[in-house]
1. In terms of Cα to Cα distance under 23 Å, which lysines are near enough to LYS43, apart from those fewer than 8 places away along the same chain?
2. Which FRET efficiency value, to the nearest 0.05, do you get for GLU196 and LEU101 by plugging their Cβ-Cβ distance into 1/(1 + (r/R0)^6) with R0 = 45 Å?
3. For n ≥ 4 DSSP H runs only, could you compute -39500 (n - 2.57) per run for the chain, divide by its residues and tell me the 222 nm figure to the nearest 500?
4. Which order results if TRP129, TRP98 are arranged by neighbouring Cβ count within 10 Å, fewest first?
5. Can you give the charge dipole size of the chain about its Cα centre, rounded to the nearest 20 debye, using +1 on the beta carbon of Lys and Arg and -1 on the beta carbon of Asp and Glu?
6. Against the longest alpha carbon principal axis of the chain, how many degrees, from 0 to 90 and to the nearest 10, is the axis of helix 2-32 turned?
7. Which of SER52, ALA71, ILE143 sits closest to the plus end of the dipole of the chain, meaning its Cα is farthest towards the positive end, when Lys and Arg get +1 and Asp and Glu get -1 on the C-beta?
8. Starting with the fewest neighbours, write out ILE76, ILE64 ranked by other beta-carbon atoms found within 10 Å of each beta-carbon.
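Taken together, the values in this text are just the output of simple stated rules run on the coordinates, not laboratory data. Everything numeric in this text was worked out from a predicted model, so none of it was measured. Methodologically, a virtual Cβ is constructed for each residue, glycine included, from the backbone with ideal geometry; neighbour enumeration extends over all protein chains shown.
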Amino acid sequence: MKKILLLILISFLAFGNTFAQDMDDLLDAELNNTKTYTIATFKSTHIINSHSVAQLKKNHLNFIIYHRFGAISGGIKQFFGIDHANMRLGFEYAINDWLTLGVGRSNFEKTYDGLVKIRLLRQSKGGKWAMPVTLTYLGTSEIFTKPFDNPDRDNYFSSRLSYTHQLLIARKFSERLSLQLMPTVVHKNLVKTALELNDLPALGIGGRYKLNKRIALTFEYYATFRLPKHNIDYHNPIGIGVDIETGGHVFQLVLSNSGIMQDGGYIYGTNNNDFFKGDIHFGFNITRVFSFNKH
């Protein structure tokens with residue numbers, strides 16, 4: 001009888017161990033098949049001037065104030081640029097978690113702009129198909145409303161328009177580091193001279209490095225591609241900044257060689273200065289998010 005009980009006990013322990021191993025394997029497999037999405041690749045919808053892949057949540061409104069002073073190379077006579085400033089006000093509203101629409105107005109050339117931002121892919125791990133990057137399409141349009149420089153010639157409404165198309169490709173490499181590539185085309189219906197391109201391709205790179213829970217360093221740069229015959233003296237946009245998160249606000253301090261903030265302006269480079277000769281514009285971005293979800 002003792003031998004029978006001992007055999008039953010041994011069999012039960014062996015079966016229990018096997019069952020436990022099977023359950024562990026099943027749980028591991030279930031966890032591996034659970035897709036988790038990356039969050040907070042960027043804390044703001046903008047890096048500096050450029051948009052980031054960050055999307056607003058459904059029924060959330062983002063109010064944005066951009067401010068750029070004049071170049072600090074103006075010295076004390078211009079109070080290091082503070083005597084001059086450009087400003088843009090913008091609103092972005094999330095129709096859902098992957099679609100955002102926006103409008104804005106800048107005092108530079110009295111420009112109005114609109115945007116559509118569509119998230120196509122989202123960085124994730126686990127599940128059947130892991131995605132290594134977040135992919136977002138951004139389309140913007142701009143119309144300047146200041147009087148034409150030469151009102152006596154034939155001027156057309158279409159000459160006031162420009163458009164920008166971008167793919168934002170970002171990856172969050174760690175809790176601290178995120179990088180983004182931005183292949184871009186800027187189209188202007190009207191350019192100033194025959195040396196300028198109506199369609200300008202560019203490739204941007206931007207990034208964010210998180211220092212602590214609330215502060216991060218940011219940067220962005222665009223390389224524009226002009227043929228030798230179009231080798232005019234425009235400077236590529238470059239900027240560095242500091243993000244400070246304070247609850248529903250993100251406060252960004254920036255240094256940039258561009259005093260304008262709409263995509264068709266700073267990427268094209270018409271008004272950009274030489275960053276490495278001290279022609280730098282200090283400025284800031286303030287964003288405030290409001291929720292219209294019913295609680």
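1. Candidates past the 8-residue exclusion: LYS35, LYS57, LYS58, LYS117, LYS125, LYS172, LYS210, LYS213.
2. The formula returns an efficiency of 0.90 here.
3. On the way: 2 runs with 35 residues, N = 295.
Computed mean residue ellipticity for the chain: -4000 deg cm²/dmol.
4. TRP129, TRP98
5. Details: 33 positive and 24 negative charges, 140 e Å.
Using Cβ point charges on Lys, Arg, Asp and Glu, the chain gives about 680 debye.
6. The answer is roughly 10 degrees.
7. SER52
8. The most exposed by this proxy come first: ILE76, ILE64.
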